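Undergrad: Would you mind keeping the following structure in view while I ask a few things?
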Protein chains: 2
Amino acid sequence: MPASTVAGYVFERLADLGIDRVFGVPGDYSFPIDDAAMDNPRLQWVLCANELNAAYAADGYARRKGAAILTTTYGVGELSAINGVMGAKAHRVPIFHVVGAPSTRIQRLGLATHHTLGDGVFGNFFDLSAACCGVSASITADNVVEEMERVIREAFRLSKPAYIQIPQDFAVMPVLGTAARGSVRPADHRGRSNPAEVKAAVRAITERLGQATRPVALASFQVGRYRAQSQLLAFLKRSRIPFAMTTLDKGVVDESHPQYLGLYVGQRSAPASAGKAVLSADLVLCLGEHIEEDFNTGDWSASIDPDRMIVVGPDYVRIGDSVMTACLLPDVLAGLARAVKPVPERRISAPRPLPVTGDADDPVSSATLYPRLQQFLRSGDILIGEGGTAAGRCAPLLLPKGVGFESQILWGSIGWATPCTLGVAMAEPKARVVTVTGDGAHQLTANEIGVMGRYGVRPIIIVLNNGIYGAEDTASERGHVYNDLAPWNYHRIPAAMGCEDWFSTRITTVGELDAALRKARSHRSGSYLEVMIPDIESQPLPAAVLDHLYKQNTPG
Amino acid sequence: MPASTVAGYVFERLADLGIDRVFGVPGDYSFPIDDAAMDNPRLQWVLCANELNAAYAADGYARRKGAAILTTTYGVGELSAINGVMGAKAHRVPIFHVVGAPSTRIQRLGLATHHTLGDGVFGNFFDLSAACCGVSASITADNVVEEMERVIREAFRLSKPAYIQIPQDFAVMPVLGTAARGSVRPADHRGRSNPAEVKAAVRAITERLGQATRPVALASFQVGRYRAQSQLLAFLKRSRIPFAMTTLDKGVVDESHPQYLGLYVGQRSAPASAGKAVLSADLVLCLGEHIEEDFNTGDWSASIDPDRMIVVGPDYVRIGDSVMTACLLPDVLAGLARAVKPVPERRISAPRPLPVTGDADDPVSSATLYPRLQQFLRSGDILIGEGGTAAGRCAPLLLPKGVGFESQILWGSIGWATPCTLGVAMAEPKARVVTVTGDGAHQLTANEIGVMGRYGVRPIIIVLNNGIYGAEDTASERGHVYNDLAPWNYHRIPAAMGCEDWFSTRITTVGELDAALRKARSHRSGSYLEVMIPDIESQPLPAAVLDHLYKQNTPG
């Protein structure tokens, strides 16, 4: 049944992408939009605790499903979501942010109305929301068909969020124009390569690879965003090239892959041999862009020589000063998979799981927790690491076969992991999501726990309680005053938020941790483990890190 | 002791305004700023649960204290706060939003760094934050003295937030230039009137007042923002003019004033005689702008004829098409208080408190709750009404002498009231803050409860539990799907967030409500009353309202 209204059509077309959830908070300028989402039998409304949480949830969902819908209301709603949408832009996650605006009647009369500055001015929030996106559209009844195709195409081409604003009167009008129909594959919307450029790029890369004696690949998270994993795997298989991933990229290839070198984080790679392999390679083939961000390079502890680097970007290839353009990542990877010859064989030292240590009576510490977590994970699990300490300590773990990983270390917005858990779990209903977050980060967005309980999502959430913003306390070098947290009784949060059937407990010893993990695995609803872990970040960072984070900023 | 660094100087100058709290969340680009705030003996760091909450808290604090400091970190932090800062702009609340940016060394090298898009671009978030403010500045060691004086002046002149961004390396440099010193009165920073314009305005207004037979004044919240209450009271006393306030303005004059007509909300004024007096007046003197916003006029149920209206704006006076400019509100009010003659005497029907009804065994309902709340309030209390249902139902209450009131019905961002409570309570440590919020709104920002407990703030928070977004459910006319809330056990929230000495309870009957209010008054820490009140918004709004909110948006 074709949608009869503009808002109905917008959701129809987004549902055609395979999206089956709408994350958001309703609001009165958005009611026609909220109604349209509710009326679409392919979509489930997921009412989040607030708009920023909804944006994080949409981020998590889109990372796994390829795209997500976020809906908020004019002004107050969309501005609350901005930080989450900007994070999706940084991490190249397509989120369709659909926002209802006051009716054009209200706008043309210049009325003072709520969710504005009371000045009869509209349009002033459009630019703020659009700045967090790669593409934006102001929808009318007669542009909605063309605009939706454009917005979908550009969101996937750029792999960035899209902003779609619909005045409430237009939202309920009939669509003017011939509606597009039928399911849409994102791949059909990412534009097309110029075959000559792809050919030239593949030839240039294979030539350089043929000359290299110690080449290494870096698999970028962007391969996942452009859904080119199968092309990447075919290339890895055919070329036999050893590869590493950074923290930002972790999760894009299964870590049980025989050519996997380990985590590359500059001088702080794990194992160190992975860092050595990358830094001593005579050719580093970046499959997707390699971002030399501070957290992603061990605080810029090493940099890869551009002359030894080939970058296969989302829609370009760069080799030295030579740039092939209009060649899309999946097409270049597919071409490489067909044309490449195996690289010289050599022994690589495979990464190994961390050894499990500690006795039942020992207090939980980073040393006893993380190896246990690694051992606990099994195929089908998805591990989410909150920024700050958790992502950093999860990253070096060697994940068992079939375990996914998500983090947000580039944008690094604290509080992201908890609502992201909701989105990931909804995108992957068969997976068990295991989330590790710090207490400080958790306080920002813990209200999303109630939403998980309500919708029957059953993650295992591990909250590390050390009473402070641990990562910050170390980096700031100063006293605790502004890093000391309100002393929550975290394990009582799920019940207070209505998750009475969750397994929730406070853990102090290694024995309690082992028992709780076992119980969480078999528990039929969500689990929430408050882990008392005073050691986190009690050790100062190395001097070199502090130099980068802080001292280099003093003058002189 | 003069501050030795740029960041130290910024806080020194803000503390000179009488501000004694810093609301915010620390972050690594902001550490030098966080340290400077910590080092200032006149300032207390208040670590909020997240940045949006911190902005709301700063809003509440600034409403009572005249100005506030908010501090967040680059990108992630400031963008999370945007909605709260924009709300302060709408409600003309000066908040100084101080944000740390990556060092200019990082910026000039174009490094990829966290809290950015990883593209070596900086500056892109400045405009987003600045758009929520009336004035903004990028601070250097050699502009900080002049810029701080400019920023303070413009923030008070416009009564709007100010954005102050400081790169972390500049933050720790010594100030270059001669520091300004000594306490600052906001009044000294609001610019100066042109005496000739003030004289002309006062003459024109008194002339029109002299001709009027049934004049009425509307006291605007802006009188409070420009700290002109004493001038207003002097004018009211001398002129004997009856006056009303709208919901947006409620709280600016004590409601025990003998000339107070009641709440003006167009056709839905309370009492109705207040609406009649305003709408039948031959002259409506607006002291501060009167904003005919939908919620403030009973959904535009009536409009005041501009020909019968005089507007005394923040820095102008408008009489018909004649505009006097460069005349500041306090100066015009002071001039009027000296020059005005008493208006013709007439009987006004004074507003009365709502009658208290209901027996101990009755379920709590709007009819039994709000009159009890009115009776409960006493001098020194400050009532805060969350947007949606609570503010609307609190507004018609006749507040006892010495009771303050805050709401945010223009910007209308749900969730505002809970963190605002923290800020108001810190600005007025001797007052008892009584906050009424809906369950839906509370879920957005409830994590601020833990912050209140931690800092020993002792509000009385009343959470109305009807299981839905009540106001929205009515306005949207449609089923509950997207208005149904996660079923929290609200009264268990304080203990879960560490407020174990709070009095927290769930209330069903009128008798329980009476007992709980009594207990809350005498309790030595905070109180949290979860009130089961299923009737809220179960009645549909009148057809006229629905026409405005929704039906007028259908085409045809």
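The values are calculated or read from the model by the stated rules, or taken from the named source; none is laboratory data. Keep in mind that what you see is a predicted model, and the values were worked out from it rather than measured. For neighbour counting, all protein chains shown are included, and Cβ atoms are generated from backbone atoms with ideal geometry for every residue, glycine included. Note: accessible area is taken over every heavy atom of the protein model, side chains too, but ligands, DNA and RNA are not part of it. Shrake-Rupley method; radii C 1.70, N 1.55, O 1.52, S 1.80 Å.
Undergrad: For the stretch B:441-466, enumerate the residues that are under 19 Å from the mean Cα position of the chain (by Cα) and not aliphatic (A, V, I, L, M).
TA: Residues satisfying the conditions are B:HIS442, B:THR445, B:GLU448, B:PRO459.
Undergrad: Looking at (1) surrounded by fewer than 24 Cβ atoms within 10 Å (Cβ to Cβ); (2) closer than 28 Å to A:ALA155 by Cβ, can you tell me which one A:ARG105 breaks?
TA: Result: A:ARG105 fails condition (2) only.
Undergrad: Residues of the stretch B:141-166 being in a loop (DSSP other than H, G, I, E, B) and in contact (Cβ under 8 Å) with a residue 60 or more places away in the chain, which ones? Reasoning before the result, please.
TA: First, pick out the residues of the stretch B:141-166 that are in a loop (DSSP other than H, G, I, E, B): B:141-143, B:159-161.
Of everything in the stretch B:141-166, those that are in a loop (DSSP other than H, G, I, E, B) and in contact (Cβ under 8 Å) with a residue 60 or more places away in the chain turn out to be B:ALA141, B:SER159, B:LYS160, B:PRO161.
Undergrad: What is the one condition in (1) β-branched (Val, Ile, Thr); (2) free of Cβ contacts under 8 Å to residues at least 12 places away in the same chain; (3) within 29 Å of A:PRO258 (Cβ to Cβ) that A:VAL343 does not satisfy?
TA: (2)
Undergrad: What strands (runs of 3 or more DSSP E), lying completely within the stretch A:381-489, carry at least 3 residues that are within 23 Å of B:LEU444 (Cα to Cα)?
TA: Strands (runs of 3 or more DSSP E) meeting the threshold: A:432-438, A:460-465.
Undergrad: While we're on this one: For the subset of the stretch B:113-145 comprising residues that are out of contact with any Phe, Trp or Tyr (no Cβ under 9 Å at 6 or more places or on another chain) and under 27 Å from A:GLU292 (Cβ atoms), which member is nearest to the other protein chains (Cβ to nearest Cβ)?
TA: Filtering first and then ranking leaves B:LEU128.
Undergrad: Are any residues in the stretch A:451-484 within 7 Å of chain B (Cβ to nearest Cβ), at pLDDT 90 or above and open to solvent by 20 Å² or more (accessible area, probe 1.4 Å), and if so, which ones?
TA: Scanning the stretch A:451-484 gives A:GLY453, A:ARG454.
Undergrad: Is it the case, given these coordinates, that A:LEU158 is within 14 Å of chain B (Cβ to nearest Cβ), open to solvent by 40 Å² or more (accessible area, probe 1.4 Å) and not small (Gly, Ala, Ser)?
TA: Spelling it out, A:LEU158 is indeed within 14 Å of chain B (Cβ to nearest Cβ), open to solvent by 40 Å² or more (accessible area, probe 1.4 Å) and not small (Gly, Ala, Ser).
Undergrad: Residues of the stretch A:108-132 being part of a helix (DSSP H, G or I) and aliphatic (A, V, I, L, M), which ones?
TA: A:LEU109, A:LEU128, A:ALA130
Undergrad: Being within 14 Å of chain B (Cβ to nearest Cβ) and open to solvent by 50 Å² or more (accessible area, probe 1.4 Å) is true for just one of A:PRO174, A:PRO167, A:PRO195. Which residue is that?
TA: Just one listed residue meets the conditions, A:PRO174.
Undergrad: Another question about this same structure. From the residues in the stretch B:227-236 that are in contact (Cβ under 8 Å) with a residue 40 or more places away in the chain and either part of a strand (DSSP E or B) or open to solvent by 10 Å² or more (accessible area, probe 1.4 Å) (or both), which one is farthest from B:HIS290 (Cα to Cα)?
TA: Of the residues in the stretch B:227-236, the ones in contact (Cβ under 8 Å) with a residue 40 or more places away in the chain are B:227-228, B:231-232, B:234-235.
Those left that are additionally either part of a strand (DSSP E or B) or open to solvent by 10 Å² or more (accessible area, probe 1.4 Å) (or both): B:227, B:231, B:234.
Values: B:ARG227: 17, B:GLN231: 18, B:ALA234: 20 Å.
Out of the qualifying residues, it is B:ALA234.
Undergrad: From (1) within 14 Å of chain B (Cβ to nearest Cβ); (2) touching a Cys at 6+ places or on another chain (Cβ under 9 Å); (3) within 12 Å of A:ALA427 (Cα to Cα), pick out the condition that doesn't hold for A:VAL22.
TA: Of (1) within 14 Å of chain B (Cβ to nearest Cβ); (2) touching a Cys at 6+ places or on another chain (Cβ under 9 Å); (3) within 12 Å of A:ALA427 (Cα to Cα), only one is false for A:VAL22: (2).
Undergrad: Would you tally the residues in the stretch B:298-323 being within 14 Å of chain A (Cβ to nearest Cβ), open to solvent by 60 Å² or more (accessible area, probe 1.4 Å) and assigned to a loop (DSSP other than H, G, I, E, B)?
TA: Within the stretch B:298-323, residues that are within 14 Å of chain A (Cβ to nearest Cβ), open to solvent by 60 Å² or more (accessible area, probe 1.4 Å) and assigned to a loop (DSSP other than H, G, I, E, B) number 1.
Undergrad: Please go through the stretch A:63-92 and pick out each residue that is within 12 Å of chain B (Cβ to nearest Cβ), among the hydrophobic types (A, V, I, L, M, F, W, C) and out of contact with any Ser or Thr (no Cβ under 6 Å at 6 or more places or on another chain).
TA: Correct list: A:LEU79, A:ILE82, A:VAL85, A:MET86, A:ALA88, A:ALA90.
Undergrad: Whether any residue in the stretch A:427-449 is closer than 24 Å to A:LEU517 by Cβ, touching a Cys at 6+ places or on another chain (Cβ under 8 Å) and within 11 Å of chain B (Cβ to nearest Cβ) is what I want to check.
TA: Checked the stretch A:427-449: at least one residue is closer than 24 Å to A:LEU517 by Cβ, touching a Cys at 6+ places or on another chain (Cβ under 8 Å) and within 11 Å of chain B (Cβ to nearest Cβ).
Undergrad: If A:MET38 passes every condition in (1) hydrophobic (A, V, I, L, M, F, W, C); (2) touching a residue at least 24 places away in the same chain (Cβ under 8 Å); (3) within 12 Å of chain B (Cβ to nearest Cβ); (4) surrounded by fewer than 24 Cβ atoms within 10 Å (Cβ to Cβ) but one, which one does it miss?
TA: Looking at each condition in turn, A:MET38 falls short on (2).
Undergrad: To continue, here is another question. Just to be sure I understand, how many residues within the stretch A:268-297 are open to solvent by 10 Å² or more (accessible area, probe 1.4 Å), of a type in the set (Gly, Ala, Ser) and touching a residue at least 24 places away in the same chain (Cβ under 8 Å)?
TA: 5
Undergrad: Next question. Take the conditions at the interface with chain A (Cβ under 10 Å from one of its Cβ atoms) and β-branched (Val, Ile, Thr) and apply them to B:ILE384. Does it pass?
TA: Values: at the interface with chain A (Cβ under 10 Å from one of its Cβ atoms): no; β-branched (Val, Ile, Thr): yes.
Criteria not met by B:ILE384.
Undergrad: Taking A:ALA496 as the residue in question, decide whether it is hydrophobic (A, V, I, L, M, F, W, C), at the interface with chain B (Cβ under 8 Å from one of its Cβ atoms) and either within 21 Å of A:ALA54 (Cα to Cα) or free of Cβ contacts under 8 Å to residues at least 60 places away in the same chain (or both).
TA: In short, yes.
Undergrad: Provide a single number: the residues in the stretch A:1-25 that are open to solvent by less than 10 Å² (accessible area, probe 1.4 Å) and part of a loop (DSSP other than H, G, I, E, B).
TA: Looking only at that region, the number is 2.
Undergrad: Working only within the stretch B:26-62, note down all residues that are part of a loop (DSSP other than H, G, I, E, B) and in contact with a Ser or Thr (Cβ under 6 Å, 6 or more places away or on another chain).
TA: Of everything in the stretch B:26-62, just one residue is part of a loop (DSSP other than H, G, I, E, B) and in contact with a Ser or Thr (Cβ under 6 Å, 6 or more places away or on another chain), namely B:GLY27.
Undergrad: Could you go through the stretch B:96-107 and let me know if any residue there is more than 30 Å from B:VAL223 (Cα to Cα) and at the interface with another protein chain (Cβ under 7 Å from one of its Cβ atoms).
TA: yes
Undergrad: If you take the residues of the stretch A:41-59 that are more than 10 Å from chain B (Cβ to nearest Cβ) and more than 18 Å from the chain's Cα centre (by Cα), which of them is surrounded by the most Cβ atoms within 10 Å (Cβ to Cβ)?
TA: Once the filter is applied, the top-ranked residue is A:LEU43.
Undergrad: Return yes or no: is B:ALA431 within 18 Å of the chain's Cα centre (by Cα), surrounded by fewer than 20 Cβ atoms within 10 Å (Cβ to Cβ) and of a type in the set (Gly, Ala, Ser)?
TA: yes
Undergrad: Is the stretch A:125-141 home to any residue that is surrounded by fewer than 20 Cβ atoms within 10 Å (Cβ to Cβ) and at pLDDT below 95?
TA: Checked the stretch A:125-141: no residue is surrounded by fewer than 20 Cβ atoms within 10 Å (Cβ to Cβ) and at pLDDT below 95.
Undergrad: Before we move on, is B:THR389 polar (S, T, N, Q) and within 14 Å of chain A (Cβ to nearest Cβ)?
TA: Considered against the rule, which asks whether it is polar (S, T, N, Q) and within 14 Å of chain A (Cβ to nearest Cβ), B:THR389 comes out as yes.
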